[in-house]
1. Report, largest value first, the span of the C-alpha coordinates of segment 22-69 along each principal axis, in whole Å.
2. Of the cross-linked pairs Lys79/Lys106; Lys29/Lys124; Lys12/Lys86, which ones have a Cα-Cα span greater than 25 Å in the structure shown?
3. Per DSSP H run of at least 4 residues, take -39500 (n - 2.57); add these up for the chain, divide by its residues and hand me the 222 nm value, nearest 500 deg cm²/dmol.
4. With no solvent and one equal point scatterer per Cα, compute the Debye intensity ratio I(q)/I(0) for the chain at 0.12 Å⁻¹ and report its log10, rounded to two decimals.
5. Tell me which of Val99, Ile48, His121 sits at the most positive position along the dipole axis of segment 43-133, charges placed on C-beta atoms (Lys, Arg +1; Asp, Glu -1).
6. Before anything else, pin down the relative contact order of the chain: Cα pairs under 8 Å, at least 6 apart, normalised by residue count, whole percent.
Amino acid sequence: MNWLKVYQDDHKAVLLLLAKLEGNIMDLKAGYPSPNPYLEFEEFAHVIKDVIIPHFKNEEVTVYKDVSEAGPEEQSFIKNMLMEHKALYSVFDQFFNAVEERDNQKIIEISGTLIQVLRHHIIKEEDELPKLM
Ligand SMILES: [Fe+2]
Ligand SMILES: [Fe+2]
C-alpha cells in the first residue's frame, strides 16, 4: 500500500482547511455579519470526525506501529507523535463543545490551539517520518 501518498493527500487537504479555519476565526474576531457564522465551524467539526480522527487511528495501527518497531530512536519519535495525537483528541473535544455551545470566545481560543498544534504535527510528520522508514 502506498500509505505515504494517502497520508500526504490528507495532510495537504487538512493544511488548506486549517488556513480556511484561520480566516473564519479572523472574521469571527472582527465581528463580520454572516447568516450562520457557525456553519463553517460545524463543517470543520465534521472534517475532524470523518477525516482527521480516522487518519490518526489509522496511523496508530499502521505506520506508527511499524516505525516504532524499527529501533529505540524510532520508538521515542513515535511515542512523541502519539502524545501529540492524544493532546489533539482532547483539543478536538473542546472544539466540538465550543461549537455546540456557540461560545465565540471559546471557539476563538480553542481554534488557535488546534490550528497551531495540528499544523505543527503534520509538518513534523511530513519532515521526519519518511526519514525513519
Ligand atoms: Fe499523526
Ligand atoms: Fe498524519
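Coordinate-derived values only; no laboratory data. The structure presented is a predicted model; accordingly, all values stated were derived computationally and were not measured. Reconstructed Cβ throughout: ideal geometry from the backbone, glycine too, with neighbour counts over all protein chains shown.
1. Taking the Cα atoms of segment 22-69, the three principal extents are 52, 17, 8 Å.
2. Lys79/Lys106; Lys29/Lys124
3. Rounded to the nearest 500, the figure is -27500 deg cm²/dmol.
4. Each listed q maps to, in turn, -0.50.
5. Among Val99, Ile48, His121, the one farthest towards the positive end of the dipole of segment 43-133 is Val99.
6. Dividing the mean separation by the residue count of the chain yields 31 percent.
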